[in-house]
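Q: Next up is a structure, given as structure tokens.
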Amino acid sequence: MEQLWTNARIATMADDGLGLIDDGVVAAKDGRIVYAGPAGGAPAMAGTVQDCGGRLITPGLIDCHTHLVHGANRANEWAMRLAGASYEEIARAGGGIVSTMRATRGASEADLVASALPRLDALIAEGVTTIEIKSGYGLSTDDELKMLRAARALAGHRKIRVEPTFLGAHALPPEYKDDSDAYIDLVVGEMIPAAAPLATAVDAFCEGIGFSPAQCERVFAAAKAHGLKIKLHAEQLSALSGSALAARHGALSADHLEHATEDDVRAMAEAGTVAVLLPGAYYFMRETKLPPIDAMRRHGTRIALATDNNPGTSPTTSLLLMLNMAATLFRLTVVEALRGVTVNAAAALGLGAEIGTLENGKACDLAIWDVGDPAELVYRIGFNPLHQRIKDGQ
Ligand code: NIG
Ligand code: FE
């Protein structure tokens, strides 16, 4: 099937900027882009033609870090935090990730799919065509596999690409209290081999309330032995140089990074490890330490943005809001913010050859916006100008 979108302003993301082309055309054949460029050079094609009326076309948005599948919510803990308790205090008192673990263990795979769908629909309504979804609230082999199956099942309910990530090393389940090394034995010896057919990557939470760099290194080794890519939650609450460790292991991304150092950021640039910034978590945690954005710019570390949708630190389902927060809170430019949810988010998932730009051969995933200037996508707060979303040409 051949399709043509004409009379559009297209942001291809194919150069170092937005790759803007006025009076642009996107052509697709069987769900793949065969042309994206000026109207003058468009191929003669039979098939359906859609006049975009001058609207802006970007690549479909990519949310490259989410915990979209989870049981219940933690509005009660938020109320406790507003009354003065800290996130770490709540976690150490058996709340936090472990309270979501209890709710997730109590939910069936079908329950998890049903509760995630409204959140997924909110992202889809903003033009998201690819989403990464982590496990990490099961913390037993069966419950982690249940989460991964639920994440994969979502792709059967909606037209969206789902990239499932195994995050068994997210928190210590109560059964392993005071023996985190024994839990890591389980993660590397049993969970990763069982999760390998269901996940594309393995993540871990490198933190005082999570796992040590040495434990994360064991997780990386097992992931690689099973042919899985690696990622890391690093430098969110303290500086352990997990991000540099991840880079040395060839990680796709290190995420959060508020406490990252110049050395961490340099190691990431050298390894091509993407810095995934999560302004929703920064905002919701009322963090004041900014990620080292200037150092990232100096060293050429690629920056992506994501919602980090989760019930504890980032209960948002708006990637557009993340664009605005990244600009207002982190001072990202319009170009950096928009590349962060397209081309660089694709790189953070290892899908740079497949999605993230409007270029020949890539999936025809488009977001068509009722805006003229791309800056409007970053500028608005709580307003969604999506006109149409196209996944694989449909
Ligand atoms: O990305 N940092 C660890 N994981 C999540 C929070 C999970 C939770 O509190 O439920 C995050 O912020
Ligand atoms: Fe996260």
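Q: Give the angle, between 0 and 90 degrees and rounded to the nearest 10, that separates the Cα long axis of helix 262-271 from the longest principal axis of the Cα atoms of the chain.
A: Compared with the principal axis, the helix lies near 60 degrees.
Q: Follow-up. Taking +1 at the Cβ of each Lys and Arg and -1 at the Cβ of each Asp and Glu, which of Ala155, Phe220, Ile184 sits farthest along the dipole of the range 61-349 towards its positive end, judged by Cα position relative to the Cα centre?
A: About the Cα centre, the residue reaching furthest to the positive side is Ala155.
Q: With just the Cα atoms defining each centre, how far is the range 7-34 from the range 98-135? Give it in Å.
A: Using only Cα atoms, the two centres lie 31 Å from each other.
Q: Let me ask something else about it. Which one, Gly340, Gln388, Val371, projects farthest toward the positive side of the charge dipole computed for the range 329-389 from Cβ point charges (K/R +1, D/E -1)?
A: Gly340
Q: List Cys364, Cys52, Cys206 from most exposed to least, where exposure is judged by having the fewest other Cβ atoms within 10 Å. Let's see the in-between values first.
A: Numbers: Cys364 26, Cys52 21, Cys206 29.
Fewest-to-most Cβ neighbours within 10 Å comes out as Cys52, Cys364, Cys206.
Q: Please compute the alpha carbon radius of gyration of the range 195-350, then divide it by the globular-protein estimate 2.2 N^0.38 Å. Two decimals is fine. Please list the in-between numbers first.
A: Working: Rg = 14.3 Å, N = 156, 2.2 N^0.38 = 15.0 Å.
Normalised by 2.2 N^0.38 Å, the Cα Rg of the range 195-350 equals 0.96.
Q: On alpha-carbon atoms, Rg over Rh for the chain using Kirkwood Rh?
A: Working: Rg = 20.5 Å, Rh = 21.1 Å.
In the chain, Rg relative to Rh is 0.97.
Q: Could you give the dipole magnitude of the range 142-190 about its Cα centre, charging the beta-carbon of Lys and Arg +1 and that of Asp and Glu -1, in debye to the nearest 20?
A: Working: 7 positive and 10 negative charges, 156 e Å.
Using Cβ point charges on Lys, Arg, Asp and Glu, the range 142-190 gives about 760 debye.
Q: What's the longest bit of the chain with no exposed trypsin sites (Lys or Arg not before Pro), using DSSP loop states and at most 16 other Cβ atoms within 10 Å as the test? Kindly include the intermediate steps, with their values, before the conclusion.
A: Numbers: sites that count: Arg158, Lys159, Lys177, Arg286, Lys289, Arg331, Arg380.
The longest uninterrupted stretch comes out as 1-157.
Q: Taking the DSSP beta bridges in the range 61-349 as the whole, what percent of them are antiparallel, to the nearest 5?
A: Details: 1 of 27 bridges.
The antiparallel proportion sits near 5 percent.
Q: Give the order of Met285, Met1, Met147, Met80 when sorted by the count of other beta carbons within 10 angstrom, beginning with the fewest.
A: Details: Met285 19, Met1 11, Met147 33, Met80 16.
Taking fewest neighbouring Cβ atoms as first place, the list is Met1, Met80, Met285, Met147.
Q: Please compute the length gained on full extension between Ala85 and Glu270, using 0.36 nm multiplied by the number of residues separating them and subtracting their Cα-Cα distance. Could you put the intermediate results ahead of the total?
A: Numbers: separation 185, 0.36 × 185 = 66.60 nm, distance 3.95 nm.
Contour length minus Cα-Cα distance gives 62.6 nm.
Q: Next question. Set Lys and Arg Cβ to +1 and Asp and Glu Cβ to -1, take the dipole of the range 61-349 about its Cα centre, and tell me which of Cys206, Val274, Thr261 lies farthest positive.
A: The Cα lying farthest towards the positive end belongs to Val274.
Q: With +1 on each Lys and Arg Cβ and -1 on each Asp and Glu Cβ, how big is the dipole of the chain about its Cα centre, in debye rounded to the nearest 20? Before the final figure, lay out each step's value.
A: Details: 35 positive and 47 negative charges, 87 e Å.
Roughly 420 debye, rounded to the nearest 20.
Q: Using unit Cβ charges (K, R positive; D, E negative) and no other charged atoms, how large, in debye to the nearest 20, is the dipole of the range 128-251 about its Cα centre? Before the final figure, lay out the partial values.
A: Working: 13 positive and 15 negative charges, 163 e Å.
In debye, rounded to 20, the range 128-251 gives about 780.
No value in this document is a laboratory result; all are computed from the given coordinates. Since the structure is predicted, the reported quantities are computational estimates derived from the model, not experimental observations. As a convention, Cβ positions derive from the backbone with ideal geometry for all residues, glycine included, and neighbour counts pool all protein chains shown.
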